Amino acid sequence: MSPIELILSTLVIGTIVYTIISKLINRTPLPLPPGPKPWPIVGNLPHLGPVPHHSLASLASKYGPLMHLRLGSVNVIVAASSSVAVQIFKTHDANFSSRPPNSGAKHIAYNYQDLVFAPYGPKWRMLRKICSVHLFSAKALDDFRHIRQEEVMVLTKVLLGAGKAPVDLAKLLNVCTTNALGRVMLGRRVFGDGNGDEKSDEFKNMVVEMMVLAGIFNIGDFVPSLEWLDLQRVASRMKKLHKRFDAFLSKILEEHRESENSNSGVKHTDLLSVLLGLKDDVDGEGGKLTDTNIKALLLDLFTAGTDTSSSTVEWAISELVRNPKLLAQAQEELDRVVGRDRLVSESDLSQLTFFQAIIKETFRLHPSTPLSLPRMATESCEINGFYIPKDSTLLVNVWAIARDPSVWPEPLEFKPERFVPGGRNAHMDVKGNDFEVIPFGAGRRICAGMSMGIRMVTFVAATLVHGFNWELPEGQMPEKLNMDEAYGLTLQRAVPLVVHPQPRLAPHAY
């Protein structure tokens, strides 16, 4: 017998013995949720396919909205309906508030020192409170409103300068959201205007690569005995990417300290200055705030707060390009509320009933995170009469829930009228209160930047729709626009949207 055959035989025998012992030890009167039969060693990993949220939605139609999978040696529970999501995010929220071990948190997110992957406890509460007070509170959002408006104006001028040339909207949107967040977080822009900026291209590529890597179901996370082999080369790619991000963030920290030291007496109002000031002050239950915590937090904010917002705006514009009647209806509302002598402002957004419905429908049909970030059961529990073992990993299929035909008639169609007053789903919001549409998650670990994300997406998209008509390059028909998804942790368009922007307002409005 060859060494490889010996290793495989040992693994198979070990898996069988482990399964038998586990069943004897963990006997329970309740059954596990149903699910497909696992393969030896790797379990149900092959069932996930190249686009897991699609594969899991298909499996749910056969096995039900609460499924049990065995990924390697890990129990995984998948929720695919709003009724099951209520059980998880309300009834059992405290039990599902920690994250399972994973290679992304270990190799990229500074070994769980960030907000997104930190274990539920004092350190997480400290980081969450800092963000809630200094970045995402209503006052902070209002204080930084002028920054968002200025960066959107920069985007508008770049689009005006394009003339008749087509533009890669995804790239420009990413630069806009990154610079807006950069000024709030660091007190300065990160890139130029995105027109031929190599730094912005490199940064977007880093963020996209991170989201792709984080979305891969890494065999080493589920079969620990194979982790050292790094069969998919995920860990090695993560380590290389971490070095690039760490160099980027370390340089930012160093430049910021030098700037503050050379401008003594000048009060900085950006988040990084606040964080550096808190390093000596924060020493409560969550412990000291370290440079590593600060870099990990900046990494979270840059990656979770830039590409998610820009890709959602890109999806919204794509849907409106495909539906010219909806685009005209949105522009008619904007012209009526705002007029054509100035651009839309954030203060106008509350009056744009139909446009807000467009944004809700975009979040429904194209949630930026199709599978929720994984959670872990701290203790065993019961959901819908099924046994959920301790340490199980939980995945919520946000994408499938928002396409449930029992809740959403014609679920695959882009129909903003669902959300307008009098519409069937008019009462629903996307803020984690209505479990039929939860693009930001729900419960204790709901996305910390939800309020900023909604504001940014709505404002940027409204400006683009109000300020421009949008045409596809010659030869492309709107109804045939490619709407395929590229799977990662975030839901990107497979093909970036390339369009011709045509100004539609009075020249002085820009």
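Annotations for the structure displayed:
- Qualifying position, being open to solvent by less than 10 Å² (accessible area, probe 1.4 Å), modelled with pLDDT under 90 and part of a helix (DSSP H, G or I), among THR306, THR312: THR306
So that you can scan it fast, the table gives a plain yes or no per residue for (1) under 20 Å from ASN218 (Cα atoms); (2) not basic (Lys, Arg):
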| position | (1), (2) |
| --- | --- |
| ILE41 | yes, yes |
| VAL51 | yes, yes |
| SER61 | no, yes |
| GLY72 | yes, yes |
| SER83 | no, yes |
| ILE108 | yes, yes |
| ASP114 | no, yes |
| GLY121 | no, yes |
| LYS129 | no, no |
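- Some residue of the range 490-497 being touching a Pro at 6+ places or on another chain (Cβ under 9 Å) and either under 19 Å from ALA330 (Cβ atoms) or open to solvent by 30 Å² or more (accessible area, probe 1.4 Å) (or both): no
- Meets criteria (in a helix (DSSP H, G or I), open to solvent by less than 10 Å² (accessible area, probe 1.4 Å) and in the same structural domain as LEU491 (by the TED database)) for ALA85: yes
- Filtering the range 299-349 to residues that are within 25 Å of ALA138 (Cβ to Cβ) and in contact with a His (Cβ under 6 Å, 6 or more places away or on another chain) leaves LEU334, VAL344.
- Some residue of the range 175-197 being in contact with a Pro (Cβ under 8 Å, 6 or more places away or on another chain) and either open to solvent by 50 Å² or more (accessible area, probe 1.4 Å) or of a type outside the set (D, E, K, R) (or both): no
- Boolean, GLY220 is at pLDDT below 80 and either over 21 Å from the mean Cα position of the chain (by Cα) or among the basic types (Lys, Arg) (or both): no
- Unmet criterion (only one of (1) open to solvent by 10 Å² or more (accessible area, probe 1.4 Å); (2) farther than 25 Å from THR378 by Cα; (3) modelled with pLDDT of 95 or more; (4) more than 21 Å from the chain's Cα centre (by Cα)) for SER55: (4)
- Residue list for the range 360-373, filter: assigned to a loop (DSSP other than H, G, I, E, B) and crowded, with 22+ Cβ neighbours inside 10 Å: HIS366, PRO367, SER368, THR369, PRO370, SER372
- In this entry, GLU382 passes the filter for residues that are acidic (Asp, Glu) and open to solvent by 20 Å² or more (accessible area, probe 1.4 Å).
- Residues that are on the phi > 0 side of the Ramachandran plot and in contact (Cβ under 8 Å) with a residue 12 or more places away in the chain were ranked within the range 385-418; the one that is surrounded by the fewest Cβ atoms within 10 Å (Cβ to Cβ) is GLY385.
- Taking the range 138-256 and the helices (runs of 4 or more DSSP H) fully enclosed by it, the elements with 3 or more residues that are within 30 Å of VAL74 (Cα to Cα) and in contact (Cβ under 8 Å) with a residue 60 or more places away in the chain are at 198-215, 219-222.
- Test result for LEU326, modelled with pLDDT of 90 or more, surrounded by 19 or more Cβ atoms within 10 Å (Cβ to Cβ), in the same structural domain as ALA105 (by the TED database) and under 30 Å from LEU481 (Cβ atoms): yes
- If the condition is being open to solvent by 20 Å² or more (accessible area, probe 1.4 Å) and not in a helix (DSSP H, G or I), then the range 450-469 contributes only ASN469.
- Residues being in a helix (DSSP H, G or I), among the aliphatic types (A, V, I, L, M) and open to solvent by 10 Å² or more (accessible area, probe 1.4 Å) - total across the range 339-358: 1
The values are calculated or read from the model by the stated rules, or taken from the named source; none is laboratory data. Being a predicted model, the structure only gives us computed values, none of them experimental. Counting neighbours? That spans all protein chains shown, and the Cβs are built from the backbone with ideal geometry, glycine included. Remember, those area values only see protein heavy atoms, side chains included, never the ligands or the DNA or RNA. Shrake-Rupley method; radii C 1.70, N 1.55, O 1.52, S 1.80 Å.
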